[in-house]
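Below is one structure, written out as structure tokens, with a few remarks after it.
The values are calculated or read from the model by the stated rules, or taken from the named source; none is laboratory data. All values derive from a computational prediction rather than experimental measurement. Here the Cβ positions follow ideal geometry from the backbone for every residue, glycine too, while neighbour counts run over all protein chains shown. These accessible areas exclude ligands, DNA and RNA; they are computed on the full protein's heavy atoms, side chains included. Shrake-Rupley method; radii C 1.70, N 1.55, O 1.52, S 1.80 Å.
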Amino acid sequence: MEQRIRVLLIEDNPGDARLIQELLSEAGLFSLDTVDRLDLGLKSLSQKTPDVLLLDLSLPDSHGFQTFLQVHTHAPMVPLVVLSGLVDESLALEAVRKGAQDYLVKGRVDGQMLSRVMRYAIERKGTEERLKQANERLKKLDELKSNFISAASHELRTPLTAIKGYVAIVLQERVGKLNDQQKEFLGYVKDSTDRLHRLLDDLLDLSRIESGRVEMRMTLTDLNLLLKEEVMIFKVQADNKGILIESEIEPSLKKIYCDADKVREVMDNLISNSIKYTPKNGKIKVSARNEGNRVYIEVRDNGIGIKEEDQMRVFEPFQRINRDETEDEEGVGLGLALVKRIIEAHGGVIEVKSTEGKGSVFAIRLPVEKRGERQG
Ligand code: ADP
């Protein structure tokens, strides 16, 4: 025989209570306890857990949404169906939004409906709980992954530092003369260790930012200056590739509260990407202007562009696109992931607009106001 579903009804109107009782006994399969006050309901909940709870929101000792809140806080795991009148249906909906499984409008209930709603509430609560648990497991796994990446990069850096140090000593011929080939080969070792070092730094940064462990040093910053300096820094690199780089910065650009080093890192990444992914004789433009209480910054190039379907992925870690055309470009696809997280830690947003073969625009919006400090 199927087990009876135990229902606790908290309802002070004797007429309504009797009706529910009759409907339930008609449907069979249910056993019912009824109390007519909130305090009695809470007491009953402490003593034994029903399979489902039917709750009238207006009781002698509690009214409206408060009634729901008290019961839900007291017994968050119990499936809950709110009984509402026609006039307070919106209240019942609000309760559903905040954790009740369903609601019934009094006077519009028949036995079949009541029985279906209660079974559904039990099922739905079960599904919600399972989802919640699955979600928590995922969060834990994600945390574990971040911790692992952070610990691994940290541990790998120590021996790498030693390798770099000794390679430098040998390369400087402080422990004996090298022939040309030895010098050449050690040069390759040095380049590779430098790359590895940069990679580990990026990985560490990313995992730190993801876990909110990065301290943002927010200061009032003149972006006008910062952006012009950034463009200057990349001039030589662009020239070498025959790329024109220029800036157009609104002179009255507002100063903003930000971590200037981090914003530099963002610009380094965006501009060096533009140079990487723009062929000879291309053009790059860095511009900035005020936009309400935000500052708008963009890096625009007329390079190879990014396919529409790849555009969402570029901000995810380890995503590299267009591998064929840019086979020889160094990188592991962490730059833009880092960029996005830095911008978001400032309360800002970044987006990409791009047309394959025509070029890309990376657009940033940063709030002028003092924000993002909660990260620090
Ligand atoms: P990396 O440059 O190390 O591969 P990023 O995270 O900086 O990693 O960039 C991810 C991918 O986005 C790159 O591999 C490239 O395919 C694409 N991308 C980034 N910037 C541009 C750009 N300005 N033009 C075209 N493609 C770009």
Dipole of the range 137-208, Cα-centred, from +1 at each Lys and Arg C-beta and -1 at each Asp and Glu C-beta, to the nearest 20 debye?
260
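For a protection proxy built on the mean count of beta-carbon atoms within 10 angstrom, sort 156-162, 31-37 highest first, please.
31-37, 156-162
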Beta carbons within 10 angstrom, averaged per residue: use that to sort the peptides 183-189, 59-65, highest first.
59-65, 183-189
Whether the range 156-304 is rounded, prolate or oblate, judged on the alpha carbon gyration tensor where a/c under 1.5 counts as rounded
oblate
Ranking Tyr257, Pro279, Met267 by how far each Cα lies towards the positive end of the charge dipole of the range 245-288 (+1 on Lys and Arg Cβ, -1 on Asp and Glu Cβ), the top one is Pro279
Linear extension gain, Lys280 paired with Asn13, 0.36 nm per residue minus alpha-carbon span:
87.9 nm
Report the extension gain between Glu344 and Glu229 in nm, rounded to one decimal, defined as 0.36 nm multiplied by the number of residues separating them, less their alpha carbon distance.
39.1 nm
DSSP beta bridges in the chain, what fraction antiparallel, as a percent rounded to 5?
55
Based on the mean of other Cβ atoms within 10 Å per residue, sort peptides 333-345, 204-216, 308-320 so the most packed one is first.
333-345, 204-216, 308-320
Here, Lys98 and Glu22, labelled 7 Å along Cα→Cβ, have an inter-label distance in nm of 3.3
Distance between modelled label sites at Glu316 and Gln112, nm, 7 Å Cα→Cβ extension
4.6
Per residue, how many Å² of accessible area does the range 155-248 show with a 1.4 Å probe?
64
